[in-house]
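Novice: Pasting in a structure now, in structure tokens, and then I'll have a few things to ask.
The values are calculated or read from the model by the stated rules, or taken from the named source; none is laboratory data. What you see is a predicted model, and the numbers here were worked out from it, not measured in a lab. Cβ coordinates were reconstructed from backbone atoms using ideal geometry, including for glycine residues, and neighbour counts include every protein chain displayed.
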Amino acid sequence: MKLRHDMLTHGVNIVCATHDGRRAGLAVAWATQVGVDHVLICVGAQSATRELILASHAFGLSVLASDQVGIARAFGRQSSRTVDKLEQVAYHTAQTGSPLLDDCMVALDCRVVQVSDFGREKLIVGQVVAAERCRTDDGPLIYRQDDY
């Protein structure tokens, strides 16, 4: 049996990176805390964001609130190769140089400490170098296939 995206519960996050004047971001449901100060993300082979994460050795992870499905769709349906998704949202630059969304639940600034091949995807572990709680008024956006 092959697992589908909606068989397990996942929050929806925006992962962004910059390198050499380029910036990119994507929506990911495959992100989890690993220990007290590390985050694991899974990023597909064709992602422009993945290229920038690997080149910069850093990424920003913004945890979306339940009322932010529109942002998730914008970052999930378009390619950063053709659209500057960050023009659509307010963001700030973190210590590592990675973009973090201003209006999210939690924003994590991460340095890449490990990368593993996993089929067509890369599993990327980032050490959290800074964390911000931005909103407390709502719960996290949960991935539902029907939303996309």
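Novice: Please find, within the range 93-148, the residue that is nearest to VAL39 (Cα to Cα) out of those that are part of a loop (DSSP other than H, G, I, E, B), acidic (Asp, Glu) and in contact (Cβ under 8 Å) with a residue 40 or more places away in the chain.
Specialist: Among residues in the range 93-148 that are part of a loop (DSSP other than H, G, I, E, B), acidic (Asp, Glu) and in contact (Cβ under 8 Å) with a residue 40 or more places away in the chain, the one nearest to VAL39 (Cα to Cα) is ASP138.
Novice: I'm trying to understand the selection: among the residues of the range 69-78, which are farther than 14 Å from ALA17 by Cα and in contact (Cβ under 8 Å) with a residue 12 or more places away in the chain?
Specialist: Matches in the range 69-78: VAL69, ILE71, ALA72, ARG73, ALA74, GLY76, ARG77.
Novice: Just the residues that are surrounded by fewer than 16 Cβ atoms within 10 Å (Cβ to Cβ), over 18 Å from SER56 (Cα atoms) and at pLDDT 95 or above, please, taken from the range 104-131.
Specialist: If the condition is that a residue be surrounded by fewer than 16 Cβ atoms within 10 Å (Cβ to Cβ), over 18 Å from SER56 (Cα atoms) and at pLDDT 95 or above, then ALA131 is the only one that fits.
Novice: Here is a list of conditions, (1) surrounded by fewer than 19 Cβ atoms within 10 Å (Cβ to Cβ); (2) of a type outside the set (Lys, Arg); (3) at pLDDT 95 or above, and GLY25 meets all of them except one; can you say which number that is?
Specialist: Against the list (1) surrounded by fewer than 19 Cβ atoms within 10 Å (Cβ to Cβ); (2) of a type outside the set (Lys, Arg); (3) at pLDDT 95 or above, GLY25 comes up short only on (1).
Novice: Which count do you get for residues in the range 71-86 that are among the β-branched types (Val, Ile, Thr) and part of a loop (DSSP other than H, G, I, E, B)?
Specialist: 2
Novice: Within the bounds of the range 71-85, is there any residue that is modelled with pLDDT of 95 or more, surrounded by fewer than 14 Cβ atoms within 10 Å (Cβ to Cβ) and not aliphatic (A, V, I, L, M)?
Specialist: no
Novice: When the range 58-67 is examined, which residues are found to be within 14 Å of the chain's Cα centre (by Cα) and assigned to a loop (DSSP other than H, G, I, E, B)? Give the derivation first.
Specialist: Pass one, the range 58-67, residues within 14 Å of the chain's Cα centre (by Cα): 58-65.
Within the range 58-67, just LEU64 meets the criteria.
Novice: Just one of (1) over 19 Å from ALA131 (Cβ atoms); (2) in a strand (DSSP E or B) trips up ALA17, so point out which.
Specialist: (1)
Novice: To continue, here is another question. Can you tell me which residue within the range 48-70, out of those that are under 14 Å from ASN13 (Cβ atoms) and of a type in the set (Gly, Ala, Ser), is surrounded by the fewest Cβ atoms within 10 Å (Cβ to Cβ)?
Specialist: SER66
Let's see how each residue does on (1) of a type outside the set (A, V, I, L, M, F, W, C); (2) more than 15 Å from the chain's Cα centre (by Cα); (3) under 13 Å from GLY25 (Cβ atoms):
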| position | (1), (2), (3) |
| --- | --- |
| ARG50 | yes, no, yes |
| PHE75 | no, no, yes |
| CYS104 | no, no, yes |
| VAL113 | no, yes, no |
| ASP137 | yes, yes, no |
| PRO140 | yes, no, no |
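Novice: Here is a follow-up. Go through (1) surrounded by fewer than 22 Cβ atoms within 10 Å (Cβ to Cβ); (2) modelled with pLDDT of 95 or more and name the single condition ALA17 misses.
Specialist: Going through the list (1) surrounded by fewer than 22 Cβ atoms within 10 Å (Cβ to Cβ); (2) modelled with pLDDT of 95 or more, ALA17 breaks only (1).
Novice: Any residue in the range 28-54 that's without any contact (Cβ under 8 Å) to a residue 12 or more places away in the chain and over 20 Å from THR82 (Cα atoms): show its pairings with residues that are surrounded by fewer than 16 Cβ atoms within 10 Å (Cβ to Cβ) and of a type in the set (D, E, K, R) at Cβ separation under 6 Å, as long as the two are six or more apart or on different chains.
Specialist: Correct list of pairs: empty, since none qualify.
For every residue, the table says whether it meets (1) touching a His at 6+ places or on another chain (Cβ under 9 Å); (2) farther than 19 Å from ALA94 by Cβ; (3) of a type in the set (S, T, N, Q).
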residue	(1), (2), (3)
ASN13	no, no, yes
ARG22	no, no, no
ALA29	yes, yes, no
GLN33	no, no, yes
LEU40	no, no, no
GLN46	no, yes, yes
ILE53	yes, no, no
